[in-house]
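Visitor: Dumping the structure here so I can ask a few things about it.
The values are calculated or read from the model by the stated rules, or taken from the named source; none is laboratory data. Predicted, not measured: the structure shown is a model, and the values here were computed from it. All Cβ positions, even for glycine, are placed from backbone atoms using ideal geometry, and neighbour counts span all protein chains on display.
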Amino acid sequence: MKKTGQLPQRNLIGNRVRKARLACKPSVTQEDLAGRLAAREITMDQTAISRIENQTRYLMDYEIAALAKALKVSVAYLFGESDKPKAD
């Protein structure tokens, strides 16, 4: 079993999630984002989103896809592979 307690960051997208959330007009709160995810049948509360943004929570692939749709950005943007925030 791989030890992960020593890793400072547990995801690559936390900073981009926060940036996309705040770039929405009007900006989206962590609680609002949790509600958008719930509408997509992804159970995640405000503290989980905070931990994602602080890069202390792991994410499953389906959660990343749901976050991208909820924030109206591409998955590539969340991973820093695109500077263009909006999904095509």
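Visitor: Name every residue in segment 23-51 that is part of a helix (DSSP H, G or I) and under 17 Å from Val75 (Cα atoms), in order of residue number.
Guide: Within segment 23-51, Ala23, Leu33, Arg36, Leu37, Ile49 meet the criteria.
Visitor: Here is a follow-up. Of the numbered conditions (1) touching a Ser or Thr at 6+ places or on another chain (Cβ under 6 Å); (2) of a type outside the set (Lys, Arg); (3) more than 14 Å from Ala20 (Cα to Cα), Tyr62 satisfies every one except a single condition; which is it?
Guide: The single condition Tyr62 does not satisfy is (1).
Visitor: Moving to a separate point now. State which residue pairs qualify: first residue at negative phi and inside segment 20-45, second residue outside any helix (DSSP H, G or I) in any location, beta carbons under 7 Å apart, and separation of 6 or more residues or different chains.
Guide: That search, which allows pairs on different chains as well, returns Ala20/Val73; Ala20/Pro85; Arg21/Ser27; Arg21/Val28; Ala23/Pro85; Ala34/Met44; Ala34/Asp45; Leu37/Met44.
Visitor: Next question, about the same structure. Testing Gln55 on (1) more than 10 Å from the chain's Cα centre (by Cα); (2) touching a residue at least 40 places away in the same chain (Cβ under 8 Å), one condition comes back false. Which one is that?
Guide: With respect to (1) more than 10 Å from the chain's Cα centre (by Cα); (2) touching a residue at least 40 places away in the same chain (Cβ under 8 Å), Gln55 is out only on (1).
Visitor: If you don't mind, another one. Within segment 52-77, which residues are in contact with a helix residue (DSSP H, G or I) (Cβ under 7 Å, 6 or more places away or on another chain), in a helix (DSSP H, G or I) and among the hydrophobic types (A, V, I, L, M, F, W, C)?
Guide: Taking segment 52-77 and keeping what is in contact with a helix residue (DSSP H, G or I) (Cβ under 7 Å, 6 or more places away or on another chain), we get 52-55, 57, 59, 64-68, 70-71, 73-75, 77.
From what's left, in a helix (DSSP H, G or I): 52-53, 64-68, 70-71, 75, 77.
Result: Ile52, Ile64, Ala65, Ala66, Leu67, Ala68, Ala70, Leu71, Val75.
Visitor: What residue, of Ala48, Ala38, Ala68, is surrounded by 19 or more Cβ atoms within 10 Å (Cβ to Cβ) and at pLDDT 95 or above? I'd like the intermediate steps shown before the answer.
Guide: Working: Ala48 fails: surrounded by 19 or more Cβ atoms within 10 Å (Cβ to Cβ); Ala38 fails: surrounded by 19 or more Cβ atoms within 10 Å (Cβ to Cβ).
Exactly one residue qualifies, and that residue is Ala68.
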